1. Residues that are more than 16 Å from ligand 1 (Cβ to nearest atom), modelled with pLDDT of 95 or more and outside the structural domain of N175 (by TED's automatic domain parsing): list the strands (runs of 3 or more DSSP E) wholly contained in segment 241-353 that include at least 2 such residues.
2. Here's a check for you: in segment 34-86, which residue that is in a helix (DSSP H, G or I) and among the polar types (S, T, N, Q) is modelled with the lowest pLDDT?
3. When you scan segment 387-401, do you find a residue that is touching a strand residue (DSSP E or B) at 6+ places or on another chain (Cβ under 9 Å), more than 23 Å from M188 (Cα to Cα) and touching a residue at least 40 places away in the same chain (Cβ under 8 Å), even just one?
4. Could you tell me whether any residue of segment 183-196 is in contact with a Phe, Trp or Tyr (Cβ under 6 Å, 6 or more places away or on another chain), at pLDDT below 95 and among the small types (G, A, S)?
5. Strands (runs of 3 or more DSSP E) wholly in segment 140-223 with at least 3 residues that are more than 16 Å from ligand 2 (Cβ to nearest atom) and assigned by TED's automatic domain parsing to the domain that holds E250 - which ones?
6. Name the residue that is surrounded by the fewest Cβ atoms within 10 Å (Cβ to Cβ), counting only residues in segment 295-347 that are within 16 Å of ligand 2 (Cβ to nearest atom) and of a type in the set (A, V, I, L, M, F, W, C).
7. So, of the residues in segment 27-51 that are of a type in the set (D, E, K, R) and buried (at least 18 other Cβ atoms within 10 Å of the Cβ), which turns out to be farthest from the chain's Cα centre (by Cα)?
8. How many residues are modelled with pLDDT of 75 or more and near ligand 1 (Cβ under 9 Å from one of its atoms) if we restrict to segment 200-209?
Amino acid sequence: MRLSQYFLPVLKENPAEAQIVSHRLMLRAGMIRQQAAGIYSWLPLGWRVLKRIERIVHEEQQRAGHIPLLMPTLQPAELWRESGRYDDYGQEMLRITDRHKRELLYGPTNEEMITDIFRSAIGSYRDLPLTLYHVQWKFRDEMRPRFGVMRGREFLMKDGYNFDLTKEAALHAYNRHLVSYLRTYERMGLQAIPMRADSGPIGGEDTHEFLVLADTGESEVFYDSEITDLRFGDRQIDYADETQCRAVLEEFTSRYARTDETHDEALFAQIPEARRRKARGIEVGQIFYFGTKYSEPMGAVVVGPDGSRQPVHMGSHGIGVSRLLGAIIEASHDERGIIWPEGVTPFPVGIVNLKQGDAATDGACEALYAALAERGLEALYDDRDERAGAKFATMDLIGLPWRITAGPRGLASNTVELTNRRTGETEVLSPADAVERVAAAYAPVKAREYPVAVG
Ligand code: ATP
Ligand code: MG
């Protein structure tokens, strides 16, 4: 993408309405525009990151064997009356009446609708286990939408639902989700710690929230510092293997880590004092096992191996796709702007032309652009007629992990500069070597990809 032809409305001033750094940087980097309280347009740069995140979520869900579909944003009130949640959900639910006076709602979550889909098609244990998921916009009429996309009213969520014959099988689905989430967040450059939590309006017995530690987080958390040493990494795991998935859950929940809703002072006090941590965190996902809470009232039953009809055991599992942009920026920025982890960056590399209009420099930049494209790396090429300082400031603000700077002086000896956004380190090397270096930096990112049809 050539910056002269792109739409990147960066702001020079700090927007007064933004209280936290991620909101401020998303506005300044021209990623989002607020249209109403908690409702945003995703401008081209923001849209790219959103799609990167969504893609990783799809890949990891499908790697775990979960099946994508797409349910609508609007739902009939009738379904929610069946579960009893139409009246229980309260003011967060946006209720809508159509021209025929039929009651609808903008879905805040989809347990009822997915249960309806399931019961319409499945009647035998032979069709189990089954996990369906989608990535779709939700609406919750939050009392205090704030912090930009972090607490929006309209927001993008991945929500998945498992259907199993027994509690044991449903707990395997729970563990499988935990594993897939660990891998998902790490691919985004995040450490998200599973913490025992409270189930809220979704209901159920077992639930973990995934929290990214950040001072601006809305949740109060308590944990044993040893938990932050754990990494999932690139381990190979067979998602069908119950023992393997349970072992990961046990490992990642082996240390004390709880939100304030379930915090237990007495248990916490048993941790050696030097390891006790009280901090704040951003909730980026949550998994639930809730058994037959929806399948029983809604009649989602299957005929079991013994011929008896039994309600299926279910759970639901959410990832805050749009909130993740805020969480990643909170975890990865400096005073000059965003620092995207390589897994989610809107463009892998930027090219800065120090002397636009100089035939040799323009030619070298075009050649770099083409060589990177050949490697599957779409550069953001700053080909504007701007001074170098302004170009660097834009690149630093939007946070691409790598920058190649080309100017007449270096090119005279066939060199460009390659700068790492995170460390600030700059290397002088030939254009061909710069391309090699950037390609090598993205090799591990590409190695973690998983082929999916959608995303
Ligand atoms: P919170 O406690 O932050 O209000 P929640 O527990 O009600 O969230 P869930 O029902 O668990 O939310 O939804 C799954 C995920 O969707 C959450 O973990 C969070 O990352 C994301 N999410 C929830 N509410 C919002 C919101 N208002 N704006 C953006 N993302 C949200
Ligand atoms: Mg939650």
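1. Values: elements: 257-259, 276-291, 301-303, 309-311, 313-320, 349-353.
Qualifying strands (runs of 3 or more DSSP E): 349-353.
2. Looking at residues that are in a helix (DSSP H, G or I) and among the polar types (S, T, N, Q), I get S83.
3. Yes, there is a match, as at least one residue in segment 387-401 is touching a strand residue (DSSP E or B) at 6+ places or on another chain (Cβ under 9 Å), more than 23 Å from M188 (Cα to Cα) and touching a residue at least 40 places away in the same chain (Cβ under 8 Å).
4. So far as segment 183-196 goes, no, none of its residues is in contact with a Phe, Trp or Tyr (Cβ under 6 Å, 6 or more places away or on another chain), at pLDDT below 95 and among the small types (G, A, S).
5. 154-164
6. V321
7. So the residue we want is R28.
8. Selection size over segment 200-209: 2.
The values are calculated or read from the model by the stated rules, or taken from the named source; none is laboratory data. Bear in mind that the values here come from a model prediction, so they are computed numbers and not experimental data. Cβ coordinates were reconstructed from backbone atoms using ideal geometry, including for glycine residues, and neighbour counts include every protein chain displayed.
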